[in-house]
Structures are given as C-alpha cells and as structure tokens.
C-alpha cells in the first residue's frame, strides 16, 4: 500500500533530508579537501626525497672526481709533469684531451664521467681548469679545477660545484730545527749540553733517553706573506705525532707542558726520487733559456743557476751551471764523446756530467746562486727508472757530493746520491744578527755567532730580523735577507765526519740498527715502527702497482712515461722514499772502490780511493778530457783536494779522526738517514738551518745546538733557496648551483 503523507509531515521530512544532504555535502567537501591535502603531502614528500637524492647523487660525482684526483697525484711520480693531466681536463667530462688537443673528441683518454649510474639516477662531471697551459701551471706551481657534478633523476637536475687546487708547495718539514719521519730521539745529554733554538718534531714518538733538553720553539703561522707572519697558531716546542717520552727532564720553554704537543698531524715528507722539477728550476733560474735550438745543455743556453768552486791547482774558479750530469748523450753511456752536459756544449769539459762533485771551500768560498742538480736520470732521461740502477739492483754512483769549508750565496745542491760532510761547512756571510732578538731596533738583540742564549720568538722581532739587509741603518751592520743561505738535499743519505775507518762509527751502526730507528720498508699502514698496526712486520712489501684498467692509479688511469703495468706506483703503501724499490734496514754497507754497497739497496758506502781525476796539468784544462786514473769508470769533478801528483789519495786525508766540528751551516734534508760523528773542536757544535731525515744516527760530545733559520718560515720564498716540494690538495670553494 502506498501511504500518502500530510503536507506538514512532508515539510518536516524535507528539512531533515536537506540537513542530512548538507552534512553529507560538507563531509564530502572536507573529505575531498583532506584527500587533496594528503595527495599534496605525498607529492611534496616525493619531491623532497628526489631533491635530497639528487643532492647525494651530485655529491657522489664530486667526491669520486676529487678522490680520483687525490689518488692519481700519487700515481704520477714525476713532479715536473704533475699538472699535465689536469691542465688537459679543461672543458672535458673528466677525460684528458687526446693527441688532437680538442676536448670531447674520440681520442680523449681516461675514464668517462658521463651519465654514470648512481642509485636511481646518474651524474655527469664537467671540468674547467686554470691555467690552461702546462708551462703556466709549472710556473705558478698550481692548477685550479672547477669540478661541476650534475645529477639527473626523473627529469630533474641538480648541480654541485667545487674548486680544488692541486699544488706543489715548499715542504712544511722545514718549519722545524729538527724533524724525523720516524721516532725522534736524544740519548745521554746532560743539562747544559743540548739546546734547541726551534722545534723538535717527529711523526712518531719523541724519545728523550736520560736527556735534559733546553729549548725554545719556532712559532707556527697560518701564512707568511713577504716578512709578514699571519695568524699565529702556537708557539712551537716539542711536537710529536704520537707521544713524548722523557719531557719531564726538559728545561726552558721545552719544559712547559703548554709547549709539549702530542698526537699532532703527521707532516708528509717530500721525496727526491724524481728530480725533474728541480732540474727545470735550475735551468730556468736567472731567466734561463735553452736558446734557439730549444735543447738544454748546448752552447746557446742562457741563464741558469750557478756553482763556482775554487781549483787550488789552477788558481781560479771552475764554473758549473744548472744541472750537472742530467744528459748522458745519445748512446746512453757515461763519459763518452756525445755527452753534452755543460753550458758550453763541448764534450769532456769541466762543466760536464759528474757522478760525484768535490766541493772544497777551505781556500776560497764555494759560491752558489739558485738550485743546482748533480746526478743522472739514466739513458732514458726519466728520473727514478730502471736504467739508474745496476743489474743487481744496487744504487750506482749517479751523483754524490763531498763538501767542506766556506760557502757563499743563496741556493741549493740537489744530488741523486749521498752528501758527505767531512769537516765544517759554514757561511762566508752568515746572517747578522745570527738569530732574532729583542733589541732596539726590533730583532737585533742576539749576537752574530752561536750562542746558548735563546733567540726571541716575538712576532715583531722575527719580522724585523728577516727584513735586515746590508743597507739597514746603520749600513753594513745588519745582514739577514741578503746573507748566505744554502740547502743540501740528498736522494740517498747525508754522512757527517770521517766515514771510512773512523772512530765511534760502531755507535753509529748501533743506532742505525736500533728499533727506534727501524727503516726497513715493512712498517705497516702508519709507516712507523713498533706500533703493531696492519701489515707491519709481515715480511711483505705492501704497495700498489700500475694496472691496465687504471684502477690503482685512479684519475685518468694513465700510466706515466717510464712505467709499465705491474710496476710499483712510487710512494704508495710502504714505499717510504717513493723510489718504487724495497729498502731493507739502512746500514753502512761495505767500502768498495766503486762506491757500491756489498748488499742491500739501503746501504750507503764511499769509495776509499778518491784520487783527483781532473787533468789540471793540461795546457787548457777546459778542453782536456778527465783522467780516470784507477779505471773504475767514475770521473770526479769539482775542485781537487790535492796539489801533489800522487794517485792514491783516500778519504782519511779529508777528515780528522775523530772529526772535529764547530758548525754545519745548511738546511739538511734526506728521506733516508743522516748519520755520522760530529765531535766538537773545543767549543760548541751548531747545526744552523734545519736537520730533516727519515732516521738519524749521529753521535758527538760537544755542547750541541740545533738552530732553526727563521727565513725558512713560509718556504723561504724570498731568500733564493728552492726547497723540496710536497704535493697538496686544497678545496677552495664548494656550493650548490641555483638555477635562475
């Protein structure tokens, strides 16, 4: 039955329905609104997630490129070519330009950084490099790389940009009076017997065995511009990469815990296995130029560094320029007619190649201007390759120096062999004042000779002292910036005193064998002895080797000239000296006529027979060939020690027994050992400059001073000395690029 309602009932029922419909409509609108809001939140969350993921994808590309650049710096041992690949990256996707010189063409070399898959997206790396020429990069000693990494994901993009500077810089090890790349140690020095005018620093422990050390450190600064010392970091003192043992016996500032720094940053040692960058610096010093023929070592060369040595037999100076022994001629054999080493371009003259230089400054000072390199890279002309070694793997005498007496000028001697210091070596024109003081004017309160009084390390005193010249009022009284400053830098070792058959060398041998001086290249990841870290003492030489796919050398993946797949990458892992060859514990080795040790590639030796092999009696010694009197193939250059005609002179005649020293004025550096006997001659024994090595074994008895030359702060850039370089990477900027 259909029931018909009254009008009133119908009106009431209609109102209720309208309310219900309005409520339902409101709920629907609210629901739709909430649904829209939820959908928007999900979309926003997705967008935020994509944005974050894009950021990390782009960052991965940036990190990969910076990591590859860092790794490949190790894979390129030739410092003179360190910038070549990075200059060639200009306007490329992380690949070096090929032979056509055009970026982005098929002959570009190295890995591809285009559309590299990462997570749900991909990245592409683009690079701009400055400067764009290798010559300018070598002059500036840096390359700036603007690395841009663009991430792509679901049609979206994000770009991160960073400027990374690759640079060569004067090594920071020279900010110290004494620096060891191992444990630093002193043994048996009583109070008043051992002084430091500068920092004593080691990458491992500093161990003071019953020694009372008096010292004041050289302060550290963030930067040095001219003579302005900017941003003093701390006052220096005893600085160890690990712990300091025996500091309670120290006095003066060294005795203050505030000047004892433990567990500090380890400073990398430069290595001199590759001398190419120093050869170029030597040739180009004083505006040096190879001349119209473009070939160094020929008669049209101009400029270059200068070394002058007094020849007592001739009564005149012999002059050498640039690089002595750096070219062996087309036949690759030493001492033959095609050798063209010297500036005069004439074979067999006194500026030619030299396995060993005899530099005698006891009659007239040795004179130097700029960096001079002594030694041979072998027939291939590339340093640190197999042709510099004999068939037994021993180091041939491709360069070495005997030096004693006075030396004058500002410069450095680099050699691929050993440096021998049989007697004193002292500056003819030393800094006056000798070190900074607190006098009036600033910087002038310290004497002109060695002193047990500590110099002032006040900033104004150091700055004023560095700026003194002979013209400083009163004229001629002060002399620092134009005073003598010389570096002696050996690829092998530095030997002090009478090396052959001398007294006290048993003590030297004992210290070379001491566990604190462990030098065998089996020291583990940290390259320090007695830490029991990974790979230490496992009888395996843990290094990286060049691979065909470039995975070990990183970066462009290219293998440098002179190296092949399977060769050790110099400087990797336990290769401490960067020569790509395993080194056993450093020992004295045997004394052989050829100067080669009997065994072990780390041994050092000296030829007992050191006859004068220069024909000083010839009518024109400049054109007379040298005389190899003992037929050992070793031709000695430089000033002879002798005036007599004997043919059997020995090292015993060069140094006293025991040797007596009062001063060694020079910046001393080797990535192997400084070893020897340095007894006093009635007064103090002073090392003035810096004393830097991997290990040291020196013994002596006189009151001894290690005095740091403050002109070394900032790398001695304005003082005519070219210091060993270290590789460095500096991130100069980092940002996200925002699209307009």
For residue 704, indicate whether it is more than 26 Å from the chain's Cα centre (by Cα) and modelled with pLDDT of 90 or more.
yes
Can you say whether residue 728 is touching a helix residue (DSSP H, G or I) at 6+ places or on another chain (Cβ under 6 Å) and part of a strand (DSSP E or B), as far as the supplied structure shows?
no
Residues that are at positive phi and loosely packed, with under 14 Cβ neighbours inside 10 Å, drawn from region 467-516:
476, 501
Taking residue 508, is it farther than 25 Å from residue 382 by Cβ and not in a loop (DSSP other than H, G, I, E, B)?
yes
With (1) buried (at least 17 other Cβ atoms within 10 Å of the Cβ); (2) farther than 22 Å from residue 672 by Cβ; (3) at pLDDT 60 or above as the list, and residue 542 as the residue in question, which single condition is left unmet?
(2)
Looking at region 237-249, is at least one residue in a helix (DSSP H, G or I) and under 24 Å from residue 686 (Cα atoms)?
yes
In region 95-114, how many are crowded, with 19+ Cβ neighbours inside 10 Å and under 30 Å from the mean Cα position of the chain (by Cα)?
5
Which is in a loop (DSSP other than H, G, I, E, B), closer than 30 Å to residue 66 by Cα and modelled with pLDDT of 90 or more, of 566, 571?
566
Let me spell it out: the conditions are (1) at pLDDT 80 or above; (2) touching a strand residue (DSSP E or B) at 6+ places or on another chain (Cβ under 8 Å), and residue 105 meets all of them except one. Which number is the exception?
(2)
Would you mention how many residues in region 473-494 are in contact with a strand residue (DSSP E or B) (Cβ under 9 Å, 6 or more places away or on another chain), in a loop (DSSP other than H, G, I, E, B) and modelled with pLDDT of 90 or more?
7
Can you name the residue in region 275-302 that is assigned to a loop (DSSP other than H, G, I, E, B) and modelled with pLDDT of 90 or more and is also surrounded by the fewest Cβ atoms within 10 Å (Cβ to Cβ) among such residues?
288
So residue 512 fits all but one of (1) touching a helix residue (DSSP H, G or I) at 6+ places or on another chain (Cβ under 8 Å); (2) under 25 Å from residue 241 (Cα atoms); what number is the exception?
(1)
Is it true that some residue in region 446-458 is under 30 Å from residue 576 (Cα atoms) and touching a helix residue (DSSP H, G or I) at 6+ places or on another chain (Cβ under 8 Å)?
no
Looking only at region 673-697, which residues are surrounded by fewer than 23 Cβ atoms within 10 Å (Cβ to Cβ) and in a loop (DSSP other than H, G, I, E, B)?
681, 682, 683, 684
Right, residue 351: surrounded by fewer than 22 Cβ atoms within 10 Å (Cβ to Cβ), closer than 22 Å to residue 78 by Cα and at pLDDT below 85 or not?
no
Quick check on my filter: what residues within region 235-260 are surrounded by fewer than 19 Cβ atoms within 10 Å (Cβ to Cβ) and within 30 Å of residue 469 (Cβ to Cβ)?
235
Which residue out of 158, 167 is at pLDDT below 95 and buried (at least 24 other Cβ atoms within 10 Å of the Cβ)?
158
Please state which one of 117, 92, 124 is without any contact (Cβ under 8 Å) to a residue 40 or more places away in the chain, crowded, with 19+ Cβ neighbours inside 10 Å and closer than 16 Å to residue 64 by Cα.
92
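The values are calculated or read from the model by the stated rules, or taken from the named source; none is laboratory data. Keep in mind the model is a prediction, meaning the values are calculated, not measured. Every residue, glycine among them, receives a Cβ derived from its backbone with ideal geometry; neighbour counts consider all protein chains shown.
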